[in-house]
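Report on the following structure.
The values are calculated or read from the model by the stated rules, or taken from the named source; none is laboratory data. Since we're looking at a predicted model, the values are computed, not measured. Note that we place each Cβ from the backbone using ideal geometry, even for glycine, and neighbour counts take in every protein chain shown. Ligands, DNA and RNA are stripped out before the accessible areas are found, and what is left, the full protein with its side chains, is counted by its heavy atoms. Shrake-Rupley method; radii C 1.70, N 1.55, O 1.52, S 1.80 Å.
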Amino acid sequence: MSLDVPTALLERAESGEITDAEFVECVRTSLPYAWEVVSRVAGELQTGTMEFADNETAPPDETARGQLLRALASDAIRGGLERHFGVKLAFQNCHRVAAFPLESVGGDTYNRFISPRNQLLNQSPELRNC
């Protein structure tokens, strides 16, 4: 299961819409490692002068790796995180998460990061089973 959904939130979702804030809070508490990585790269982007900020540290264990993969593989979760932090997320390998300013989407740096060429260049034997 991707998210640990509190009963009250599930009941509200069954009867109608929920807010982005409620959803993002559920993500934060359900996927703490993924939340930490995304919030860190988003914060680094916002406090720095870089074109993007990224995480290149592998997760400490399979539980953390699974959280990161679930967060970034789900359109709803990824979109909620992007809206909450005001960034565009890009993902390579099992752990390389990058945060880009929204206005850089479609630009040279963003396009290079998400290109098939950079995906290939970002591989190594250690990452085969990640």
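Below are the figures for this structure:
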{"read-out": "Hits in segment 52-73 (condition: open to solvent by 30 Å² or more (accessible area, probe 1.4 Å) and aliphatic (A, V, I, L, M))", "value": "ALA58, LEU69, ALA73"}
{"read-out": "Residue match in segment 61-73 (condition: modelled with pLDDT under 95 and not in a helix (DSSP H, G or I))", "value": "yes"}
{"read-out": "Test for GLU56: is it within 17 Å of PHE100 (Cα to Cα) and either under 14 Å from the mean Cα position of the chain (by Cα) or at pLDDT 95 or above (or both)", "value": "yes"}
{"read-out": "Filter result (surrounded by 14 or more Cβ atoms within 10 Å (Cβ to Cβ) and more than 17 Å from the chain's Cα centre (by Cα)) within segment 19-49", "value": "GLU22"}
{"read-out": "Scan of segment 74-109 for residues that are assigned to a helix (DSSP H, G or I), more than 16 Å from MET50 (Cα to Cα) and charged (D, E, K, R), ordered by number", "value": "ASP75, ARG78, GLU82, ARG83"}
{"read-out": "Residue in segment 102-130 that is modelled with the lowest pLDDT, counting only those that are open to solvent by less than 30 Å² (accessible area, probe 1.4 Å) and touching a strand residue (DSSP E or B) at 6+ places or on another chain (Cβ under 7 Å)", "value": "PHE113"}
{"read-out": "In segment 85-103, the residues that are under 27 Å from THR19 (Cα atoms), touching a residue at least 24 places away in the same chain (Cβ under 8 Å) and in contact with a Phe, Trp or Tyr (Cβ under 9 Å, 6 or more places away or on another chain)", "value": "VAL87, LEU89, ALA90, VAL97, ALA98, ALA99, PHE100, PRO101"}
{"read-out": "Failed criterion for VAL24 (all others in (1) assigned to a helix (DSSP H, G or I); (2) farther than 21 Å from LEU3 by Cα hold)", "value": "(2)"}
